[in-house]
Amino acid sequence: MKRISTLLATLLCLVVFVSCEKEPVNEWQRFWGYTKADLIGHYDANPDESLYEALPTSGVKVYSDASIEVIDLSDNLVSVRLTIPGTLNIVFSGTVYSASDNSDFALTGGNDDIRMTVYKNSKGDVRFHGVQKRYFYDANHVLDHSNNYGFDVIKKAAE
């Protein structure tokens with residue numbers, strides 16, 4: 001009888017332990033169909049340091065101190081300034097194309113482009129996760145290499 005009680009107690013503890021373990025919840029969802037108004041504002045570096053451990057991609061250096069400012073110019077035009085202190089300060093201008101099947105935002109200018117995926121959470125915060133690339137060409141106008149500046153920034157929703 002004592003063995004059965006011990007076995008049942010062990011089994012019960014195992015069931016409680018397994019049922020209490022929660023799956024990690026991803027609070028960020030891709031923001032499909034964003035508008036220009038959704039993007040306008042100031043974005044600071046994502047404070048979640050654990051995120052940066054998983055970000056490194058071959059050839060991309062990820063900066064945990066990046067910031068972005070998106071300014072309304074007119075109609076669907078915006079100005080996007082990416083700042084990485086001591087490393088990069090670059091401005092892009094372009095059009096925001098809204099579509100229900102789009103969660104990416106990209107602008108180009110000269111030998112540079114910026115590409116980011118747009119996310120939103122349940123609090124209304126907007127997040128950009130992306131990379132700015134600067135392309136370098138040889139004398140024959142063939143791509144020699146590119147510098148890749150990764151970032152992950154968040155704009156807090158108005159409270």
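Read-outs: derived from the displayed coordinates by stated rules, not from any lab. Computed from a predicted structure; not experimentally measured. Ideal geometry is used to build each Cβ from the backbone, glycine not excepted, and the neighbour counts take in all protein chains shown.
Given the Cα-Cα distance of Asn76 and Lys61 and 0.36 nm per residue of separation, how much length would full extension add, in nm?
2.3 nm
Mind jotting down the distance between the C-alpha centroids of segment 124-159 and segment 73-90, whole Å?
Here the answer is 11 Å between Cα centres.
Asp125 versus Asn148, label points 7 Å from Cα toward the beta carbon: distance in nm?
About 2.6 nm separates the two model spin labels.
What's the tally of Lys pairs in segment 29-134 whose alpha-carbon atoms lie under 23 angstrom apart, where the two lysines are 8 or more places apart or on different chains?
4
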